[in-house]
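Okay, structure first, notes after.
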Amino acid sequence: MIRSGFYLKGLLSVRSADSPAIALGCSFLAIGALLKNIGFNFQQSVSSTLFTYALPGQLVMAESFLVGASLVNIFIAVWLVNARLFPMAVSMFPLLKSKKQPKWKYYISCHFLAVSSWLIMKKDYRTIDESYRIDFWMGIGTATWSVAILSTILGYLISDYLSKDMMIGLAIVNPVYFFCMLLGSMKNIAIGTSVILGTILGPVFYLISPEWCILYGGVTAGIIAFFAGEIND
Amino acid sequence: MTDFSSNIILVIAVTSIATYLSRSLGVLFSERIDENSKIFRLFDCIAYSTLAALISKVVVFPAGDLGEASNLIRLIVVFVCVGVFFIAKRNLVYPTVLSAILLTTLIKFV
């Protein structure tokens, strides 16, 4: 079924000092507090992270719920903001493919796909035997998902003690951490151009279409970066 | 169960389905993609650029609590932390911890 050695190695990959668990924990702590403040009970707050596990999508859900948006509108808004998960999956799962492994592992473990787990996997996959990368991935996913759930619980429980300033301070941790991580992964022309252009075009497209800016900015920047990389090769 | 509670459950269900859709379609699509192909490299670029677009959108046009800090303060915090990241030989701990402290301090005193 699952090779425990590789699974454990993945599970333990979040315990290093510079692990994304810190940024992930801070963000989901804030989400736990936010959900309590808008009227979610304990079970509902935990279920949100348990079943969605995508921070921007959960934020959009909370905002849409507050303004009384319809279910269809919430679905579209969340799908748009989480559409980044599609190219992330396409650019990672081919690295995990193995004929020895059953398909259910891929379809279940894709729930663990998030910026934190994706960046760890992209950094470490070469060190893992091809046949067992999916087990390693399931370990990483279980660890990051658990951190998110536990932090949501903690955030919910301590929300009354978190001041507005502390909530704002927690909210900057996630973008700073992942931006630094992205800068650290700029190892060739294509990826470097992707990160720089994506950073510029995301806000630029926001001025044209706030809902579609991530998709428009990301796809445009990605295509330009791809050709820049091809020309350079 | 009250209407409010059942509404929240529906909202969570819809959010989860919308999110899983992108993830599972990505897995389905990736079944036919080879890691050495050009299409894989293209999606790799799009994945990185989409993440960068999302992060910069969150900083420049934030939703939620982060919007309470001014644009200038948010950008100062990000630039300082990126500088610290490179000065500290790409250590992620220093800029991460510094970001929360710096933003909270700047909001209080600026």
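The values are calculated or read from the model by the stated rules, or taken from the named source; none is laboratory data. Computed from a predicted model, the values in this text were never measured in an experiment. Heads up, the Cβs are rebuilt from the backbone with ideal geometry, glycines too, and the neighbour counts pull from every protein chain shown.
Of all residues in the range A:183-214, those satisfying the criterion of being outside any loop (DSSP other than H, G, I, E, B) and more than 7 Å from chain B (Cβ to nearest Cβ) are A:I189, A:G192, A:T193, A:I196, A:I200, A:V204, A:F205. Among the residues of the range A:72-92, those identified as within 7 Å of chain B (Cβ to nearest Cβ), under 28 Å from A:I158 (Cβ atoms) and assigned to a helix (DSSP H, G or I) are A:I74, A:V78.
When B:A100, B:A63 are screened for being at pLDDT below 95, small (G, A, S) and either touching a His at 6+ places or on another chain (Cβ under 6 Å) or under 27 Å from A:C110 (Cα atoms) (or both), only B:A63 passes. Of the listed requirements (1) more than 7 Å from chain A (Cβ to nearest Cβ); (2) more than 26 Å from A:Y177 (Cβ to Cβ), B:S70 misses just one: (2). The residue that is surrounded by the most Cβ atoms within 10 Å (Cβ to Cβ), among those in the range B:89-110 that are more than 7 Å from chain A (Cβ to nearest Cβ) and either small (G, A, S) or not in a helix (DSSP H, G or I) (or both), is B:V110.
Looking only at the range A:36-49, how many residues end up being more than 9 Å from chain B (Cβ to nearest Cβ) and either under 17 Å from the mean Cα position of the chain (by Cα) or in contact (Cβ under 8 Å) with a residue 40 or more places away in the chain (or both)? Before the answer, list the steps.
Restricting attention to the range A:36-49, the residues satisfying the condition of being more than 9 Å from chain B (Cβ to nearest Cβ) are A:36-38, A:42-43, A:45-46, A:49.
Remaining after also requiring either under 17 Å from the mean Cα position of the chain (by Cα) or in contact (Cβ under 8 Å) with a residue 40 or more places away in the chain (or both): A:36-37, A:42, A:45-46, A:49.
Within the range A:36-49, residues that are more than 9 Å from chain B (Cβ to nearest Cβ) and either under 17 Å from the mean Cα position of the chain (by Cα) or in contact (Cβ under 8 Å) with a residue 40 or more places away in the chain (or both) number 6.
Taken together, the criteria place A:A69 among residues that are of a type in the set (A, V, I, L, M) and not in a helix (DSSP H, G or I). Within the range A:84-94, the presence of a residue that is in contact (Cβ under 8 Å) with a residue 12 or more places away in the chain, surrounded by fewer than 19 Cβ atoms within 10 Å (Cβ to Cβ) and of a type in the set (A, V, I, L, M) is excluded.
Whether a residue is in a loop (DSSP other than H, G, I, E, B), modelled with pLDDT under 95 and surrounded by fewer than 22 Cβ atoms within 10 Å (Cβ to Cβ) was assessed, and A:K100 passes this test.
The residues of the range B:82-96 that are out of contact with any Phe, Trp or Tyr (no Cβ under 8 Å at 6 or more places or on another chain) and either under 20 Å from B:F109 (Cα atoms) or aromatic (F, W, Y) (or both) amount to a single one, B:F86. Candidates in the range B:14-45 are the residues that are touching a Phe, Trp or Tyr at 6+ places or on another chain (Cβ under 8 Å) and aliphatic (A, V, I, L, M); of these, the one that is surrounded by the most Cβ atoms within 10 Å (Cβ to Cβ) is B:A18.
Cβ separations smaller than 9 Å between residues 6+ apart or across chains give the following pairs from the range A:153-164 residues that are touching a residue at least 60 places away in the same chain (Cβ under 8 Å) and over 8 Å from A:G32 (Cβ atoms) to residues that are in a helix (DSSP H, G or I) and not acidic (D, E): A:I158/A:L29; A:I158/A:G32; A:I158/A:A33; A:L162/A:L29; A:L162/A:A30; A:L162/A:A33; A:L162/A:G155; A:L162/A:L170.
Being over 24 Å from A:G68 (Cα atoms) and either more than 7 Å from chain A (Cβ to nearest Cβ) or not in a helix (DSSP H, G or I) (or both) is a property that B:I33 has.
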